[in-house]
Amino acid sequence: MDTLTPVLTKNWADDRAWTLEAYTNQGGYGALKKALAMQPGDVIEAVKASGLRGRGGAGFPTGMKWGFLPPDEEGKAPKDRYLVVNADESEPGTCKDIPLMMASPHTLVEGVIISSYAIRAKHAFIYVRGEVLHVIRRLQAAVQEAYAAGHLGKDIHGSGYNLDLIVHAGAGAYICGEETALLDSLEGRRGQPRLRPPFPAVAGLYASPTVINNVESISSVPSILEHGADWFASMGTEKSKGFGIFSLSGHVANPGQYEAPLGITLRKLIELAGGMRNGHELKFWTPGGSSTPLLTSEHLDVPLDFEGVGAVGSMLGTRALQIFDETTCVVRAVLRWTEFYKHESCGKCTPCREGSWWLVQTLSKLEKGQGQESDLEQLLDICDNILGRSFCALGDGATSPISSSIKYFRDEYLAHLEHGGCPFDPAASALHTDAGQLEVGA
Amino acid sequence: MKEGNVKGIDPTTYDELKQIAARYPHKRSGLLPMLHLVQSAQGQITPEGIEACAEILEITAAEVSGVATFYTMYKRKPVGDYHVGVCTNTLCAVMGGDAIFAKLKDHLDLGNDETTEDGKISLEHVECNAACDYAPVVMVNWEFMDNQTPESATALVDDLRAGKEVHSTRGPKLCTWREAERVLAGFNDGQADQGPAAGPASLVGLSIANDKGWTAPEGDN
């Protein structure tokens, strides 16, 4: 449990890792060959047996999601089915899918082909956020190479199976990471979430049966086919099987990507990252992006799996571990995240649209040392009226940093009122000033 | 109006817009990349561009406008050759992004979402761009400029204004904003082989595993 297990990241340092040649040389597209020799239903069974759960945050079992597609109706022409990859990675702190697609786009492309074959989709889409130009170039090139090699297109390797894959660039909207908003966006509309049911499995893209999975989930599929479901399930914990990429950012000595079995602890990860930056202590962290409630140094030994993080009142999310030390003002951090949710609220539902606006107003005042203690109760009251009452998870996510920070750092909010403003020096938490101070000291 | 004769849109662009729509099982799916192409050809979202998209997709101009105004990457005023986006979401902000953005506003004498008079630089604060392990991050035409400081970011915009060749820390020589928009529309520029597979932060876990001889368990084969 305490060692790293590079699988998806294993080839990232290879020479020209993004090319078909490099990917094939290290065994790439071997899993596709295996899959094409199996019945599609058996591929679904293998993914179910592996225990793979969605890596985009929610942790829903991937194979089960695939199994929800309705069977073809007898006597009717089969409905088109679609696979859509959610590559809209935008959750603050989350930075695993982008380096994966930049370093090894073929891992994802191979996963797309196998997964599409399993669910019998003839069209697949990679919906990638528009703000990552070089990643989009590499994806486009990889898809082009895969067509030329016969991995995509008509009658793939003589199997009779046809698949077209389109790389689709978004245009800057966090909400499009929400799967039904993504579908509306992919249909050329404003990215606003849809009411469920019907779920995408029944009526998704173009009102047809659709599977939507995260980049890392789909990229894990080739390894499961190649090494077996038991191999995958031999890693991780009882209900959170396999490995995942843990992204450490912020005030650690060596921020970066650490691929490990689910269930590793933050204590171990910070140790591997060379500890906190010199002379500083952990203050608060997000386990899986800004939409997952904050945790503190008392949670260093929590197993980072779906159950472990859930048991302490947060969520594993995307394993986006944003680490902040004692120089960081939690009120400033939370206000900034709240401004983000307000900006990204799609406007469809009132609790999120209006609520996020009021949260910003109230928090801004508190951050400036204005307002009063009862504003904290008002914040929590607004959060109560958003959480569970908004149309999609964006509104829920907006409440997480606020309610968790008031739970753990109420005194720091009050200190702003007593101090008549923020008692922290923002320069102390920045890297360039920190380095400057060290030079002066040396 | 005769098809393909939208005033102000050249025939090549119009054809390319049609090509984009034809990639999809349902042509309206092409709208987002089509709007990227409009920006590439016209330097911003223009009324003519909106008309052309509407005509090709057989929807109203109001429907196209409704989409164009929803997404922050679509600009309704001219953008400079280099769109400089400073991440000021929490983590980057705390690590130095706020100081970088303040410094650049002062240095370029610009407010948020404004462009220098010479048309070279547009400055905007952006949300999390999925490179938190390289914080603080600045994006230029949506290419990564990792691990910035106020000083490095100032030098970066000075170099861009002076026409010097600048490379992304994990990508090719920076192209112009309009060239970048063309790639987003799905027309690859052949630059995929530039730059490394991964930056240093992406590789820290892998190199620790390699040093210690840690691997995933042996599989079936």
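Read-outs: derived from the displayed coordinates by stated rules, not from any lab. Please read these numbers as outputs of a predicted model, since none were measured by experiment. Note that we place each Cβ from the backbone using ideal geometry, even for glycine, and neighbour counts take in every protein chain shown.
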Exercise. Counting pairs of alpha carbon atoms under 8 Å apart in space and at least six apart in sequence, what relative contact order in percent does chain A give?
Worked result: 16 percent
For this session: State the three equivalent ellipsoid semi-axes of segment A:295-442, derived from the C-alpha gyration tensor as the square roots of 5 times its eigenvalues, in descending order and whole Å.
Result: 27, 21, 15
Seminar exercise, completed: When chain A is treated as a Gaussian network with springs between alpha carbons less than 10 Å apart, the largest mean-square fluctuation among A:SER374, A:SER247, A:SER185 is found at A:SER374
For this session: For A:PHE243, list long-range residues whose amide hydrogen, built 1.01 Å from N in the peptide plane, is under 5 Å from its own amide hydrogen.
Result: A:LEU262
For this session: Post the alpha-carbon centroid distance, segment A:118-182 to segment B:17-43, in whole angstrom.
Result: 16 Å
Seminar exercise, completed: Of the listed pairs A:LYS96/A:LYS342; A:LYS368/B:LYS103; A:LYS122/A:LYS154, those with alpha carbons more than 18 Å apart are A:LYS96/A:LYS342; A:LYS368/B:LYS103
Problem set entry | Spatially proximal lysines relative to A:LYS48 (Cα-Cα < 18 Å; intrachain offsets below 8 disregarded) | A:LYS34, A:LYS65, A:LYS239, A:LYS241
Exercise. So in the protein assembly as shown, what percent of DSSP beta bridges are antiparallel if you round to the nearest 5?
Worked result: 50 percent
Exercise. Convex hull over the Cα atoms of segment B:103-221, averaged projected area in nm²?
Worked result: 10.6 nm²
Exercise. By average Cβ neighbour count within 10 Å, what is the ranking of A:109-120, A:200-211, A:417-428 from highest down?
Worked result: A:109-120, A:200-211, A:417-428
Exercise. Aspartates and glutamates within cross-link reach of B:LYS75: Cα-Cα under 13 Å, excluding same-chain residues under 8 positions apart?
Worked result: B:ASP113, B:GLU114, B:GLU124, B:GLU181
For this session: Counting only C-alpha contacts under 8 Å and six or more residues apart, can you give the relative contact order of chain B as a whole percent?
Result: 18 percent
Problem set entry | Calculated log₁₀ intensity ratio I(q)/I(0) where the Debye formula runs over C-alpha points of the protein assembly as shown, q = 0.08 Å⁻¹ | -0.56
Problem set entry | Under 16 Å from the Cα of B:LYS212 - aspartates and glutamates, other chains or at least 8 residues apart | A:ASP2, A:GLU259, A:GLU271
Exercise. Looking only at other chains, what is the average number of their beta-carbon atoms within 10 angstrom of each beta-carbon in A:40-52?
Worked result: 0
For this session: With a 10 Å radius around each residue's Cβ, average the other Cβ atoms per peptide and rank A:2-12, B:171-181, highest first.
Result: A:2-12, B:171-181
Problem set entry | Size-normalised alpha-carbon gyration radius of segment A:132-265, reference 2.2 N^0.38 Å | 1.29
Seminar exercise, completed: So the angle from the long Cα axis of helix A:374-386 to the longest Cα principal axis of chain A, reported in degrees to the nearest 10, equals 20 degrees
Seminar exercise, completed: In debye to the nearest 20, the charge dipole size for segment A:106-213, taken about the Cα centre with +1 at each Lys and Arg Cβ and -1 at each Asp and Glu Cβ, equals 160 debye
Exercise. Peptide A:114-123: average number of partner chain Cβ atoms within 10 Å per residue?
Worked result: 0
Exercise. Over segment A:165-265, what relative contact order in percent results from Cα pairs under 8 Å that are six or more residues apart?
Worked result: 13 percent
